[in-house]
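Data first, discussion second: the structure below is written as structure tokens.
Read-outs throughout are calculated quantities, based only on the coordinates presented, and are distinct from any laboratory measurement. Remember, it's a predicted structure, so these values are computed and weren't measured experimentally. Virtual Cβ from ideal backbone geometry, glycine too; neighbours counted across all protein chains shown.
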Amino acid sequence: GDSVTQMEGPVTLSEEAFLTINCTYTATGYPSLFWYVQYPGEGLQLLLKATKADDKGSNKGFEATYRKETTSFHLEKGSVQVSDSAVYFCALSRDTGRRALTFGSGTRLQVQP
Amino acid sequence: DGGITQSPKYLFRKEGQNVTLSCEQNLNHDAMYWYRQDPGQGLRLIYYSQIVNDFQKGDIAEGYSVSREKKESFPLTVTSAQKNPTAFYLCASQKASSSSYNEQFFGPGTRLTVL
């Protein structure tokens, strides 16, 4: 079945540091890939997405590129802020069938001033 | 403003009780989903519905039940058969027929605690 693997956290960075959160997936065909962010006590918000190979999703300074050859969708940001502290989830979904999201376990990011 | 609402935000249940979590959306979305989140884990699918009056079991449906009598509403009942119901429950919706059809929108969640 489909699965998503994320790097374990927490990831602790200083403000303005470079961020990478690794995400790899296992799925047949061509799933769509997502990054969601969850702030404490809240639901999930879509951060960015990519629906086909070599697509780059971007939002609020975050980027991720859909790499089919390495089955990866790593999240990057050039300069993190304290306000970026949250839990980040990588997920995939299919175009057919139940279309539910398959999530990774999440990576907690802590940014220190 | 369009969105998804969940209520209550916090819910406490005694052993042996059934409780119902509410999920309402005014986005005119066709599909709705219930996920369960445990500490340090990703979300797992409980039930989903792609059309009114129809729903399907997800990966961890045992001990839960749902209904979909209206497009806007997808309540989840946690029954006494659910052995470990303490968790954070998230409802999501999705429009089935747009170019971004597989993007899901999430509600703020309900935290259920068994006393």
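Search segment B:35-49 for residues being of a type in the set (D, E, K, R) and out of contact with any Leu (no Cβ under 9 Å at 6 or more places or on another chain), and hand back the single one that is farthest from the other protein chains (Cβ to nearest Cβ).
B:D38
Among the residues of segment A:72-107, what is the count of those that are surrounded by fewer than 17 Cβ atoms within 10 Å (Cβ to Cβ) and either β-branched (V, I, T) or not in a loop (DSSP other than H, G, I, E, B) (or both)?
Looking only at that region, the number is 4.
Taking the condition within 14 Å of chain B (Cβ to nearest Cβ), among the small types (G, A, S), in a loop (DSSP other than H, G, I, E, B) and over 15 Å from the mean Cα position of the chain (by Cα), does A:A53 pass?
Here the answer is no, as A:A53 does not meet what is asked.
Suppose we filter B:K70, B:K9, B:K57 for residues that are within 14 Å of chain A (Cβ to nearest Cβ) and loosely packed, with under 13 Cβ neighbours inside 10 Å; which single one remains?
B:K9
Of everything in segment A:64-113, what is at positive phi and in contact with a Ser or Thr (Cβ under 7 Å, 6 or more places away or on another chain)? Give them in sequence order.
Of everything in segment A:64-113, those that are at positive phi and in contact with a Ser or Thr (Cβ under 7 Å, 6 or more places away or on another chain) turn out to be A:T71, A:R99.
Scan segment B:19-34 and give yes if some residue there is surrounded by 15 or more Cβ atoms within 10 Å (Cβ to Cβ), over 29 Å from A:P40 (Cβ atoms) and within 12 Å of another protein chain (Cβ to nearest Cβ), otherwise no.
yes
Which ones in segment A:6-34 are more than 12 Å from every other protein chain (Cβ to nearest Cβ), under 21 Å from B:Q94 (Cβ atoms) and part of a strand (DSSP E or B)? It would help to see each step written out before you state the result.
Taking segment A:6-34 and keeping what is more than 12 Å from every other protein chain (Cβ to nearest Cβ), we get A:7, A:11-22, A:24-29.
Next, only the ones that are under 21 Å from B:Q94 (Cβ atoms) stay: A:25, A:27, A:29.
A:Y25, the sole residue that qualifies.
Which strands (runs of 3 or more DSSP E) does segment B:4-73 wholly contain that include 1 or more residues that are touching a residue at least 24 places away in the same chain (Cβ under 8 Å) and aromatic (F, W, Y)?
B:10-13, B:31-37, B:43-51, B:64-66
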